[in-house]
């Protein structure tokens, strides 16, 4: 267990002070920590993650429904999926360094698990569930609005950047390829550099702590350049 900051600091960053801090401790506790303890003194985050996932879907659905009166059910579903997916939640969590507060077993921590999008997104959902349990739906919605739904159309476009770019090249009869062109850092915190090529010509590069995320950044940059920085309407 090697979280960087005290738990009180996380409360300051998210703008919510818990009445029962045990909810937050549970939301931050990874199963690897439980496995290393002889006697379990708390639960891991999985049950609160389940609850937080449901709260996120409700709040995001409500916002889209109110903001997009002319959008049909299929497009609303697609937009919601883009916002509550793993990469979107992980990106939102990075704005307040959620990964640094995760309570994790030493072995998983040394492997860099606290920085994996899959883990960070799960903890984001668990924290959402913790706020809901401690303060109700309004407080949980405030958290979601502040960290996930701010500038949400831009976030959804970023998440869908690879799909958007793929559609563009297919429409124009072009070829699309991603290539690993660089990597750096220790094994537990490696950064990858991916380049995107259209018809064999490099268009843009992106960086990320996984090849998938680096490809996403590259696709976002490429699509922006192709369209002179204009985003498509959702």
- prompt: Where does helix 73-84 land angle-wise versus the long Cα axis of the chain, in degrees 0 to 90, nearest 10?
  reply: 60
188, 209, 30, 217 arranged by Cβ crowding within 10 Å, fewest neighbours leading: 188, 209, 217, 30
- request: Using only Cα atoms, figure out Rg for the range 161-226 and give it as a multiple of 2.2 N^0.38 Å.
  value: 1.11
statement: Ranked from fewest to most other Cβ atoms within 10 Å of their own Cβ, 95, 128 fall in the order 95, 128
query: Distance in nm between label sites at residue 207 and residue 46, each 7 Å beyond Cα in the beta-carbon direction?
result: 3.6
query: Helix 161-171 versus the longest principal axis of the chain: what is the Cα-based angle in degrees, 0 to 90, to the nearest 10?
result: 20
query: Relative to the longest principal Cα axis of the chain, at what angle does helix 211-226 sit, 0 to 90 degrees, rounded to 10?
result: 40
- prompt: For residue 70 and residue 181, FRET efficiency with R0 = 45 Å and r from the beta-carbon atoms, rounded to 0.05?
  reply: 0.60
- request: May I ask you to derive the relative contact order of the range 161-226, considering only C-alpha pairs under 8 Å and at least 6 residues apart, and to give it as an integer percent?
  value: 29
query: What is the order of 167, 121, fewest Cβ neighbours within 10 Å to most?
result: 167, 121
Fully extended contour minus Cα-Cα distance, from residue 9 to residue 57, at 0.36 nm per residue: 14.6 nm
Cβ-Cβ FRET estimate between residue 199 and residue 111, R0 fixed at 25 Å, reported to 0.05: 0.05
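Read the figures in this text as sums done on the coordinates, not as results from a lab. Keep in mind that what you see is a predicted model, and the values were worked out from it rather than measured. Glycine gets a Cβ as well: all are built from the backbone with ideal geometry, and neighbour counts include every protein chain shown.
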